[in-house]
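To start, the structure itself, in structure tokens.
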Amino acid sequence: MKVLVSDFDHTFFNLKFEENIEAINNFVNRGNVFIIATGRNYSLLKEEIEYYDIKYSFLICKDGGVIFDRTGREIYRKNIDIDIAKKIYKFLNKSRGVPEVLLDTGVEFTSNVETPSISIIAKYVDHEKGEIILDKIKNEFPEIDGYLSETWINILDKEVSKGNAINKLISALNISKDAVYTIGDGINDVSMNSMFKGYAMPDSVDELKKVSIETVSSFKSFVDSL
């Protein structure tokens with residue numbers, strides 16, 4: 001049995017989504033396991049996949065901050081300390097060049113600072129200023145890590161990553177690390193590709209390609225080869 005853990009946006013979910021679904025369902029029918037690992041929260045992911053018959057077993061959401069089984073039952077989560085979250089939320093709302101700040105529970109977005117949250121996301125206008133803001137937060141709060149996606153600053157507990165979430169899941173399921181293959185395209189996929197048999201999509205960031213075994217020609221061709 002092989003386990004494939006795939007990033008969602010620009011990896012599994014792309015212009016060839018239906019073709020990719022067929023490849024995954026054939027992969028699962030051969031006795032394998034498919035898991036989605038995404039930066040999205042549960043609600044945003046379900047909006048895209050609920051109309052399709054995708055044979056996944058688990059959803060790793062918020063970059064590894066929360067895991068759901070196929071029924072939607074939450075089986076793991078790691079929140080940001082609530083007092084730290086309040087301070088960061090306040091700082092971001094006062095920062096210039098940050099027009100929007102949201103807390104993410106792993107299921108949905110909120111502006112209620114009393115709600116336990118897995119991540120804080122803040123929209124940035126200028127990439128360089130976004131990096132400066134993130135560095136200030138990481139220096140002030142050593143328990144926190146984060147990264148910049150295309151338009152958002154993503155802030156998480158330092159223990160949260162896709163790679164760590166996969167480790168927790170396969171340990172609970174008694175699955176060998178050697179059975180796990182991963183594929184992605186973004187900076188938030190580096191942890192899983194460096195910890196497991198990782199592959200990169202053609203348009204992946206350089207940081208991911210450097211830690212991956214190979215850059216594949218397409219998602220479908222990669223899955224078909226497993």
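The values are calculated or read from the model by the stated rules, or taken from the named source; none is laboratory data. If you're wondering where the values come from, they're calculated on a predicted model, not measured in any experiment. Here Cβ is always computed from backbone atoms with ideal geometry, including for glycine, and neighbour counts include all displayed protein chains.
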Residue 107: farther than 30 Å from residue 28 by Cβ, surrounded by 14 or more Cβ atoms within 10 Å (Cβ to Cβ) and outside the structural domain of residue 35 (by TED's automatic domain parsing), yes or no?
-> no
Restricting to segment 126-165, what's the tally of residues that are within 19 Å of the chain's Cα centre (by Cα), closer than 16 Å to residue 101 by Cβ and not in a strand (DSSP E or B)?
-> 3
Considering residues of segment 115-140 that are within 18 Å of residue 41 (Cβ to Cβ) and without any contact (Cβ under 8 Å) to a residue 40 or more places away in the chain only, the residue surrounded by the most Cβ atoms within 10 Å (Cβ to Cβ) = 122
If we take segment 1-95, then helices (runs of 4 or more DSSP H) inside it with 1 or more residues that are under 15 Å from residue 105 (Cβ atoms) and small (Gly, Ala, Ser) are 42-49, 82-94
Reported set for segment 114-125 where residues are at pLDDT 95 or above and either assigned to a loop (DSSP other than H, G, I, E, B) or touching a Leu at 6+ places or on another chain (Cβ under 7 Å) (or both) is 114, 115, 116, 117, 118, 119, 120, 121, 122, 124
Mind checking which residues of segment 68-78 are under 13 Å from residue 43 (Cα atoms) and either crowded, with 18+ Cβ neighbours inside 10 Å or touching a Cys at 6+ places or on another chain (Cβ under 9 Å) (or both)?
-> 68
Within segment 178-226, work out how many residues are over 15 Å from the mean Cα position of the chain (by Cα), within 18 Å of residue 67 (Cα to Cα) and assigned to a helix (DSSP H, G or I).
-> 0
Residues in segment 23-49 that are acidic (Asp, Glu), surrounded by fewer than 15 Cβ atoms within 10 Å (Cβ to Cβ) and either touching a residue at least 40 places away in the same chain (Cβ under 8 Å) or in contact with a strand residue (DSSP E or B) (Cβ under 8 Å, 6 or more places away or on another chain) (or both) total 0
Picking from 52, 56, which residue would you name as being buried (at least 16 other Cβ atoms within 10 Å of the Cβ), over 21 Å from residue 160 (Cα atoms) and touching a residue at least 12 places away in the same chain (Cβ under 8 Å)?
-> 56
Given the conditions (1) under 16 Å from the mean Cα position of the chain (by Cα); (2) modelled with pLDDT of 95 or more, which single one is not true for residue 20?
-> (1)
